[in-house]
Amino acid sequence: MTSLFNEFDLWGPLDPAADAGYGEDKPKRKGFFTDTSICIGCKACEVACKEWNDVPADHFDMTATSYDNSHSLNSNQWRHVAFIEQPRQRQPTVDLGMPTRRPAEDDILGGMLADGAEEAAQDGVPDFRWLMSSDVCKHCTHAACLDVCPTGSLFRSEFGTVVVQDDICNGCGYCVPACPYGVIERRRGPEGAKNVGIAQKCTLCYDRLGAGQQPACSQACPTQSIQFGDVEELRERAEQRVARLHEAGVMDARLYGNDPHDGVGGTGAFFLLLDEPEVYGFPPDPVVTTRDLPRMFRRAGAAAGALLAGAALAFVGRSR
Ligand code: SF4
Ligand code: SF4
Ligand code: SF4
């Protein structure tokens, strides 16, 4: 169990399952490497997640900013595939085989493209690209949602993942602002759905992992954009993929969440991105929100001690 008073448990690289007290015979840490460069936006992962986990299918409508119809991660959307539409970058574009389009002359979108797009369309290079990325709970090494949960509903599994126990959650909602990624949320509806009022998020298919199966979303992904496995091995695979993309001229390829020295100690679910994290809606430098608790407690303790000492001195002075 993580101690709130040991700074080293709240910061830096560690094996989260071992830190939670699982012994030597625990399985290796499991997670996802999501390679967004080969996501085709089919949303099979979203559907598979809903079907397997009986997540209500509501909140669907067009965002009016893209073809995305599921908006964001929330209590009823444990996977969310972002559709980001970008005009052509000013640097040379490498064809990744992604769907693209060229505007007709009278197409209203033609007027919305960035400077140089028209020229790009003429030289045969795609002038428009989709960035598609399937987002999910990051299963952080240092998970603030779990640190602040007063009931033990959120727990660290033997696979190093973070799971909610629906029947123990009391719906206090402390975990919601604690998550630096805005992932976890209390279910607000629809009326009659199970677990309304209860904190809900991806469990990394804890039930399937226990039965020796891979998660429903990665199993359904037709392009292997979502790769499930041992986190250590996935990190190596991700490094190799980035190196290959750099060799091919895709210099914007970068990893997000794979660094054990980042603000959350690295994530169990990490990503290969083709642009800045903010473009995908990710915080650029996330920090576990409980990191400063030991320092805050120490300062509060020192302040309380000083107050008590002052009161004692005043009492002694008056009694003379
Ligand atoms: S991403 Fe948020 S909800 Fe998921 S483990 Fe990290 S802190 Fe918890
Ligand atoms: S791991 Fe399971 S619960 Fe998590 S997003 Fe994939 S299908 Fe949904
Ligand atoms: S199933 Fe795979 S390819 Fe389809 S949207 Fe999800 S991550 Fe992308």
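Computed from the coordinates by the stated procedures, all read-outs in this text should not be read as laboratory data. The structure displayed is predicted, hence computed values, not measured ones. Neighbour counts run over all protein chains shown; Cβ positions are idealised from the backbone, glycine included.
Structure notes:
- For K194, the lysines whose Cα comes closer than 25 Å to its Cα, not counting residues fewer than 8 places off in the same chain, are K43, K50, K138.
- Separation of the Q86 and K194 label points, Cα + 7 Å toward Cβ, nm: 4.0 nm
- Pairwise inverse Cα distances across region 131-187, averaged and inverted, put the Kirkwood hydrodynamic radius at 11.9 Å.
- Electrostatic dipole magnitude of region 201-282 [Cβ: Lys, Arg +1; Asp, Glu -1; Cα centre; debye, to 20]: 320 debye
- Computed E for D166/H71 - FRET, C-beta separation, R0 30 angstrom, nearest 0.05: 0.85
- Linear extension gain, F315 paired with F60, 0.36 nm per residue minus alpha-carbon span: 85.2 nm
- Residues whose placed amide H lies under 5 Å from that of D135, excluding near-sequence neighbours: H80, V81, A82
- As a calculated quantity, the FRET efficiency between A248 and D285 at R0 = 22 Å, using C-beta atoms, amounts to about 0.20.
- Calculated FRET value between A303 and D259, using beta carbons and R₀ = 56 Å, to 0.05: 0.95
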